[in-house]
Amino acid sequence: MSKEEKTNTKNTEINNIFTYLRPAKKNEIEQVHIWLMRAIEESPFYGDLFKQFEKSRLSKNYLLNLYYTNPAHIMLMIDNDKPCGFMISGPQLGTLWLYWSYLLPSYRKGMLAMRAMRSFIKYWDNGDFHKISTYTKEGNKPAEMIMKRNGYEHIVTLEKHIFGEDYQLYERKLNKKSKIYDFGLKTGRLSLLKQRIKHLFAI
């Protein structure tokens, strides 16, 4: 295969991924944050203390830090070019953590959530991470189905893991090729300022 053919193949694969999922733009972060707060508050699987903690932790500045680290850490689910949900992830020492995945209720009857997860895996299987890790709660059958159908393995149920509640750890192996490791997400206003500068000047 020639260099031009390889480039065309790669571009086609990227376009296919972005049919159902794409990195958020900066001016879309506020809407993602609104949806995220709604997802946390309305979830039937988490206790009040955890919800309070998550809403405090996942502030707009936190999302901006993720965005400036890599816009693809805030992915928008797409239906006919219209954003209708999100997948938020973050790096941690060679592991990609999927923090939250949310699809607006009116879009849940089809296959979009499944297709978005497949696109998420394809995008991030880029040689930078060993695996995707995520937590879920027992009884969240839609999440369990999507993960199992996309190659995630239920590693362990962690008893009384967060605020006295049990959490299920799921992982999906990726193919890390890079010898470089991330050192996790740096948060705080100073870190956000540095990330903005790096992003502005493409450092």
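Every number in this text was worked out from the coordinates using simple rules, so none of it is lab data. Predicted, not measured: the structure shown is a model, and the values here were computed from it. Using ideal geometry, Cβ is built from the backbone for each residue, glycine included, and neighbour counts are taken over all protein chains shown.
Remarks
- Using a cut-off of 28 Å between Cα atoms, the listed pairs K137/K173; K141/K177; K82/K173; K122/K179; K55/K176; K60/K179 include K141/K177; K82/K173; K55/K176; K60/K179 as exceeding that distance.
- Span per principal axis, largest first, for the Cα atoms of the stretch 37-113 (Å): 33, 31, 22
- Candidate aspartates and glutamates for bridging to K131, where Cα separation is under 15 Å - those fewer than 8 sequence places away on the same chain excluded: E153, E171, D182
- In sequence order, the stretch 116-121 has phi-based couplings of 5, 5, 4, 5, 4, 5 Hz under the Karplus curve 6.51 cos²θ - 1.76 cosθ + 1.60, θ = phi - 60°, and Gly or Pro positions carry x.
- Chymotrypsin sites (Phe, Trp or Tyr not before Pro) lying in DSSP loop within the stretch 104-184, provided at most 16 other Cβ fall within 10 Å: F163, Y181, F183
- Computed over the alpha-carbon atoms, the stretch 3-192 gives an Rg to Rh ratio of 0.95, Rh here being the Kirkwood radius from the mean inverse distance.
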